[in-house]
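Working notes, beginning with the structure itself.
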Amino acid sequence: MDPFQASFHYVYILRSVHHPEKTYIGYTRDLKTRIREHNLGYTTHTRKFRPWEVETAIAFSSKYKALAFERYLKSHSGKAFTTKRLVS
């Protein structure tokens, strides 16, 4: 893992290439590896709509802030925010 990347916590939004109405929100410390895992089918929830592209990725220096933001994005108001501000 890149030493620069290792110092951050990422909240990311994926969009399915073949089903663009499908998105997925997640958290990781290693963004490249995590996206590769999604596209290889390692994640049950995202396997069906492969392949995925990164729509948005936000880096946090704090794990707790990243996890709180991920939780917010998965909430009702966070989904509205995501649709309006983070995805096209």
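Computed from the coordinates by the stated procedures, all read-outs in this text should not be read as laboratory data. Nothing here was measured: the structure is a model prediction, and the numbers come from that model. Cβ placement follows ideal geometry from the backbone for every residue including glycine, while neighbour counts extend to all protein chains displayed.
Couple of notes before you dig in:
- The number of Lys pairs in the chain with C-alpha atoms less than 15 Å apart, excluding pairs fewer than 8 positions apart on the same chain, is 5.
- Using a simple spin-label model with pseudo-atoms 7 Å out from Cα toward Cβ, Ser7 and Glu21 lie 4.3 nm apart.
- Separation of the stretch 1-60 from the stretch 70-88 is 16 Å, based on Cα centroids.
- A DSSP coil position with no more than 12 other Cβ atoms inside 10 Å describes the following GluC sites (Glu not before Pro) in the stretch 1-70: Glu21.
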